[in-house]
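Participant: Pasting a structure here, questions to come.
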Amino acid sequence: MSIDTITIIDIPKITDVRGNLSVIENDVVPFDIKRVYYLYDVPSGTHRGGHAHKTLQQLLIAISGSFNVVLKDRNGQQKTITLNKPNKGLLIPNMTWRELEDFSSGAVCLVIASEIYDKEDYIRDFNKFLLKR
Ligand code: T46
């Protein structure tokens, strides 16, 4: 999987005088949604992630606040994406190394995932990630 294929998707936003409402249905993401989880109360200076997934695809959204996602592929390419809008989602394909950092105060990272939790799906050793075929 190449960093070049990483995409930010627009999440539909319904706006009126009462504020905004964004909605994610299955047609917004290119996989069937099997799990939703969220990261919050992340202490300043904390790094999360630091792994790749063999099969899992995910959509990350900064529901509140902001954070950076550092993505790496097995070709040695790297890209840092700042998420700070509740109607923008970062689509992370499988076999993409990710690190989450620089969480702002009150940041919430919502994750929509293509699979249920499976610890065997994680690659936590960067060298093994580079060599995995
Ligand atoms: C990812 C980033 C963005 C569960 O029991 N069920 C779950 O669905 C998840 C996601 C985690 N856990 C347990 C496993 C660990 O004992 O929660 C603990 C913390 O998980 P982890 O260290 O993997 O957290 P992060 O923030 O480093 O990574 C998580 C996701 O695991 C990962 O898929 O891409 O968020």
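Participant: What net charge is computed for the residues neighbouring residue 111, neighbours being all others with C-beta under 11 Å from the C-beta of residue 111, Lys and Arg scored +1, Asp and Glu -1?
Facilitator: For residues surrounding residue 111, the net value is +3.
Participant: Once each part is reduced to its C-alpha centroid, what is the distance from the stretch 65-133 to the stretch 13-35 in angstrom?
Facilitator: Cα centroid of the stretch 65-133 versus Cα centroid of the stretch 13-35: 20 Å apart.
Participant: Could you compute the FRET efficiency for residue 124 and residue 14, with r as their C-beta to C-beta distance and R0 at 35 Å, rounded to 0.05?
Facilitator: My answer for the efficiency is 0.35.
Participant: List the lysines whose Cα sits under 17 Å from the Cα of residue 54, skipping any in the same chain fewer than 8 residues away.
Facilitator: Excluding near neighbours in sequence, the set is 34, 72, 119, 128, 132.
Participant: For the residues 48, 124, what sequence is obtained by ranking on other C-beta atoms within 10 Å, fewest first?
Facilitator: If I rank by nearby Cβ atoms, fewest first, I get 124, 48.
Participant: Taking R0 as 22 Å, what's the FRET efficiency between residue 48 and residue 94 from their Cβ-Cβ distance, rounded to 0.05?
Facilitator: Here the calculated transfer efficiency is 0.75.
Participant: So for the stretch 3-131, averaging the separation of alpha carbon pairs under 8 Å that are six or more residues apart and normalising by length, what relative contact order in percent results?
Facilitator: 36 percent.
Participant: Taking the Cα atoms of the chain, what is the range of coordinates along each of the three principal axes, in descending order and whole Å?
Facilitator: That works out to 53, 34, 27 Å along the principal axes.
Participant: Sticking with this structure for a sec: Compute the FRET efficiency between residue 4 and residue 26 as 1/(1 + (r/R0)^6), taking r as their Cβ-Cβ distance and R0 = 22 Å, and round to the nearest 0.05.
Facilitator: Efficiency, rounded to the nearest 0.05: 0.30.
Participant: I would also like to ask the following. Give me the number: length gained by fully extending residue 33 to residue 117, i.e. 0.36 nm times residue separation minus the C-alpha to C-alpha distance, one decimal in nm.
Facilitator: Stretched out fully, the residue 33 to residue 117 stretch lengthens by 29.0 nm.
Participant: Quick one: what do you get for the stretch 59-133 if you divide its Cα Rg by 2.2 N^0.38 Å?
Facilitator: For the stretch 59-133, the normalised Cα radius of gyration comes out at 1.16.
A short reminder: the numbers here are calculations on the coordinates, not readings from a lab. Values in this document were obtained by computation on a predicted structure and should not be read as measured data. Neighbour counts run over all protein chains shown; Cβ positions are idealised from the backbone, glycine included.
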